[in-house]
Structure formats: C-alpha cells, structure tokens
Amino acid sequence: MAATKDNVEKAILFIRNSYLSGGTDLIAGLRASLEAARKLPGNERNIVMITDGNSTLTSTSLKKITNSFNTENKQVARLYIFGIGSDTNTQVLGELVRGSNGYFNWARETEDLSFKLAAFFDKVGKPVIEDISFTSNISNYRDDFYQVYPNVDRVSYDGSRFAFVGRYRHPNEKHPIAINSIQAGDPDLLTATVKLPELDTTYDHLPRLWAKARVDALLREIALNGETEAAINEIIALSKKYKFVTPYTAFLAAPRSLLRPRIIKPGDPVLRVRTDASIVSVVAVLPFGETKELTYLKDEDIWETRFLAPKTMQDGSYNARLILIDRSNNAYEEEKSFIIDSRPPSLSADLSNKTVQAGTDLIIKVRADRDTRRIAARLFGSQPIAIIWDEKEKVNLGRLHIPEGLPAGRYQLIITAEDFAHNNSNLELSIEVLGQ
C-alpha cells in the first residue's frame with residue numbers, strides 16, 4: 001500500500017500490537033514484493049528487505065532461493081537487504097542482492113544501528129556503479145594476476161570504497177592494471193601502474209586477508225553447487241596455515257562449557273555456549289552431520305550460532321560435540337545433550353464473561369502444558385497482556401482492559417503460547433463488547 005501518513009501510523013500500530021512468532025519464507029516474501037513492484041510506475045523500482053535471512057519455510061536451499069528470485073525478477077527491481085542479528089545468514093542475503101545488483105549490510109543486536117541504517121538507506125534508490133572488474137591484461141601485458149577477489153558482487157556507489165585482493169605470478173617494476181565498471185549505462189575505465197615486488201613484508205596482513213577471501217569464495221561455491229573433496233581440503237589447509245576458523249576446521253573442543261537452549265524444535269534454532277575466558281574458538285558438531293562455527297558476542301560473553309534441525313528428527317534427546325580451542329592452541333572436546341520438542345503447547349481458557357462493557361476489565365484464565373514459558377492475550381484495539389501463573393488460583397491469570405472508546409461489536413480474543421522449544425500455539429475466543 002502507499003506510504004501515506006495514515007498507512008504508516010497503522011503499520012506501526014499493527015507491529016506494536018502484534019505477537020511476533022512463526023517462520024520465515026524468503027521465497028514467498030520476495031515473490032509478493034515483486035508483484036507489488038511490477039505495479040509501480042517508472043523503470044527504477046527498489047525492494048527493501050529487513051530480515052535475518054534464515055529461511056525456514058518453502059526452502060532453505062541457497063541455490064533454490066536465489067534462482068527463484070533471479071528467475072522471477074528479470075530486472076523488475078533492485079533488492080536492498082539489511083540483516084538483523086548475530087545469526088544473520090550473510091551468505092544467502094549476499095547472494096540474493098547480487099542477482100539484482102543491489103546492496104547488503106547487517107548488524108548484530110548489540111550494535112548501535114543508527115550509523116549503519118543511515119548508510120544503508122543513503123544507498124537505496126541511488127545510481128550504482130555496476131560490473132566492477134579488475135584486470136591486468138592490457139597494453140600487451142600478460143595477465144599475471146590470479147585468484148582475485150571479490151569475483152562476484154561487483155557493485156558499489158559513488159563515494160564508497162571498493163577493494164580487490166589477489167595473487168600474481170611474476171615480480172615486475174611497472175605493471176599496468178585497470179578497473180572496469182559501468183556508470184549510468186556508460187563504460188568507465190580507471191588505469192594505474194603498480195610495482196609487483198618479489199618480496200615485501202610491509203603489509204604482512206595481506207596473505208591472511210587473501211586466504212579468507214579465497215575461503216569465502218570456496219564456501220560460496222559449496223553452498224551453491226555442493227561439496228568437493230578438493231575444495232574442503234583447500235579450506236582446511238588455508239585455515240590452518242593462516243589460523244582462522246571455518247565450518248570445516250577440525251578442532252577438538254572444550255573445557256567447561258554450558259550449552260543453551262537444551263530444548264529446541266525442528267527448524268532453525270539459536271545455539272548458545274558459555275565457556276571460560278581462555279577459549280578463542282568454538283565449533284559444534286551436530287548429530288545430523290552438520291558442523292557449525294560459533295560467533296563470540298563480547299557484550300554478552302557468550303558464543304552463538306544458528307543451525308538447522310531437520311524437521312524429520314523425532315522428538316527426544318540427542319548429543320552434540322562441542323569443539324573448542326584455547327589461547328595456547330590446546331584443543332578439548334565435550335559432549336552436550338539437547339532435546340528436540342516439536343509439539344506446540346495445548347491450550348484451554350475460561351473468561352470471566354463473554355459479554356463485556358467497554359472501559360471494564362476481562363479476567364482470563366488459561367491452562368497450558370507445563371513446559372509453556374510464555375502466554376499472552378490480545379484484542380484488536382488494545383495492548384497485548386501477559387498471562388502469568390497465579391500460585392493461589394493454580395492457573396495462568398491475566399486481566400485485559402477493554403479500551404473505553406472501543407466500538408460495540410463482536411471481537412476475537414487471541415491467546416498465544418510459546419514453550420521452551422519456541423513452539424507456538426493459538427486459541428481464539430469470541431467476545432461481545434458493549435459500548436459505553
């Protein structure tokens with residue numbers, strides 16, 4: 001709908017009064033936005049998506065999600081994505097924006113978003129510099145460079161920085177290089193002459209920078225087309241040589257650690273591990289064959305990752321290996337258990353009255369399974385309320401205030417419940433509201 005003042009206020013009110021839960025369907029969301037974009041006038045259409053990028057519905061395959069969007073988009077719109085959360089699926093979201101020459105950035109929950117959001121929205125709708133590429137195959141010089149990255153995502157903006165990192169075969173005192181790009185439909189060429197020394201330790205961080213770029217490119221290829229023995233062996237060799245963690249690094253894991261949550265549901269839950277201060281890397285080896293590197297959140301002093309628990313897993317207890325390494329490069333291993341719980345809470349409720357006067361209170365009593373951790377009730381036009389355990393009544397109890405100005409009529413009272421595995425269930429009850 002049009003972003004009028006009234007519609008914006010209604011959207012904000014809807015969000016504030018909503019109980020957020022459920023899954024993410026990237027394909028359906030992108031398809032709906034493309035249908036809306038096609039109705040807009042002009043040639044420059046933009047889609048802004050705010051998400052963690054962890055698709056749990058329709059498909060979780062990077063290749064299927066990106067192919068679906070690219071096939072249906074066909075230059076209808078340019079996609080801009082802002083990722084939220086430390087578990088943002090940067091690989092999926094980065095790949096999505098490439099197909100439309102869009103832009104992607106992300107931030108953790110603990111970051112100050114103001115700067116990143118301002119920089120992000122400053123690019124939305126702005127002219128892009130496209131098809132940026134590096135070459136040294138000019139002026140009759142052979143192309144001495146190889147494994148230059150990025151080899152994808154060659155889009156930037158006026159005033160932004162863009163860098164390449166790569167390798168060269170032969171030293172040379174004067175070697176021409178060029179950067180090709182397209183701006184506003186016209187080709188643009190930047191040239192320079194550089195020195196390629198046989199040995200120079202001035203910038204000793206560059207080999208490690210290149211190695212990480214090379215591994216990122218290999219991981220992207222694996223995500224799109226599947227694993228190969230050669231790619232995995234190269235990732236492991238580079239990560240060991242330059243000392244950084246990858247999903248394939250074979251560390252052996254941890255002294256004292258605490259795994260949370262212990263109760264999860266099939267889908268894509270967040271796994272958190274607390275360790276002692278000496279640990280510098282954490283990898284989780286999950287019972288269904290997946291290996292996940294955890295990210296350290298300094299503000300919370302905890303390691304975190306998101307993983308996909310297959311929906312085919314039966315409810316029950318499973319073991320996972322935690323693989324950690326400390327500052328002295330000592331490796332440890334510890335086994336932790338967690339519980340798969342796919343069954344949503346069962347709910348029943350009693351109301352003090354099914355006919356209630358505007359401006360008065362409605363008493364709600366809810367019975368739910370013992371593993372239910374949160375219950376809420378909401379009615380259109382009023383703020384959601386928490387339903388909490390009352391020790392005296394031996395029931396979950398809440399008091400919902402019916403707004404004074406609520407028009408008379410029949411309304412649906414929605415009760416939502418979430419258990420420790422983040423399974424959700426809803427219960428709808430009809431009430432009659434009488435005007436004042």
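Any residue in region 159-172 that is at pLDDT 85 or above and of a type in the set (K, R)?
Yes, region 159-172 has at least one match.
Tell me whether region 238-250 contains one or more residues that are exposed (fewer than 13 other Cβ atoms within 10 Å of the Cβ), outside the structural domain of I279 (by TED's automatic domain parsing), closer than 19 Å to V152 by Cβ and modelled with pLDDT under 90.
Checked region 238-250: no residue is exposed (fewer than 13 other Cβ atoms within 10 Å of the Cβ), outside the structural domain of I279 (by TED's automatic domain parsing), closer than 19 Å to V152 by Cβ and modelled with pLDDT under 90.
What pairs come out if I take residues in region 186-203 that are assigned by TED's automatic domain parsing to the domain that holds P171 and in contact (Cβ under 8 Å) with a residue 24 or more places away in the chain and pair them with residues that are assigned to a strand (DSSP E or B) and hydroxyl-bearing (S, T, Y) whose C-beta lies under 8 Å away, six or more apart or interchain?
Sorted first by the residue in region 186-203, then by its partner, the pairs are D188/S181; L196/Y168.
Looking at region 365-375, which of its residues are crowded, with 18+ Cβ neighbours inside 10 Å, in contact with a Pro (Cβ under 6 Å, 6 or more places away or on another chain) and of a type outside the set (S, T, N, Q)?
Filtering region 365-375 for residues crowded, with 18+ Cβ neighbours inside 10 Å gives 366, 368, 372, 374-375.
With the extra rule that they be in contact with a Pro (Cβ under 6 Å, 6 or more places away or on another chain), the set shrinks to 368, 372.
Result: A368, single match.
For region 391-412, enumerate the residues that are more than 13 Å from A377 (Cα to Cα) and touching a Lys or Arg at 6+ places or on another chain (Cβ under 9 Å).
Correct list: E393, V395.
In the set R214, R169, which member is in the same structural domain as I232 (by TED's automatic domain parsing) and in contact (Cβ under 8 Å) with a residue 24 or more places away in the chain? Break it down into steps so the answer makes sense when it comes.
Working: R169 fails: in the same structural domain as I232 (by TED's automatic domain parsing).
The match here is R214.
Looking for whichever is touching a Ser or Thr at 6+ places or on another chain (Cβ under 8 Å), of a type outside the set (D, E, K, R), closer than 29 Å to R306 by Cβ and without any contact (Cβ under 8 Å) to a residue 24 or more places away in the chain here; the options are S317, S346, S337. Which one fits? Break it down into steps so the answer makes sense when it comes.
On the way: S346 fails: without any contact (Cβ under 8 Å) to a residue 24 or more places away in the chain; S337 fails: without any contact (Cβ under 8 Å) to a residue 24 or more places away in the chain.
Selected residue: S317, the only one of S317, S346, S337 that is touching a Ser or Thr at 6+ places or on another chain (Cβ under 8 Å), of a type outside the set (D, E, K, R), closer than 29 Å to R306 by Cβ and without any contact (Cβ under 8 Å) to a residue 24 or more places away in the chain.
The rows are residues; the columns are (1) buried (at least 19 other Cβ atoms within 10 Å of the Cβ); (2) hydroxyl-bearing (S, T, Y); (3) at pLDDT 85 or above.
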site: A386; (1), (2), (3): no, no, yes
site: E393; (1), (2), (3): no, no, yes
site: I402; (1), (2), (3): yes, no, yes
site: T416; (1), (2), (3): yes, yes, yes
site: E428; (1), (2), (3): no, no, yes
site: V433; (1), (2), (3): yes, no, yes
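Return the only residue of R367, R374 being modelled with pLDDT under 90, farther than 23 Å from V273 by Cβ and basic (K, R).
Numbers: R367 fails: modelled with pLDDT under 90.
Criteria check complete, one pass: R374.
The values are calculated or read from the model by the stated rules, or taken from the named source; none is laboratory data. Please read all numbers here as calculations on a predicted model, not as lab measurements. So basically every Cβ, Gly included, is an ideal-geometry build from the backbone, and we count neighbours across all protein chains shown.
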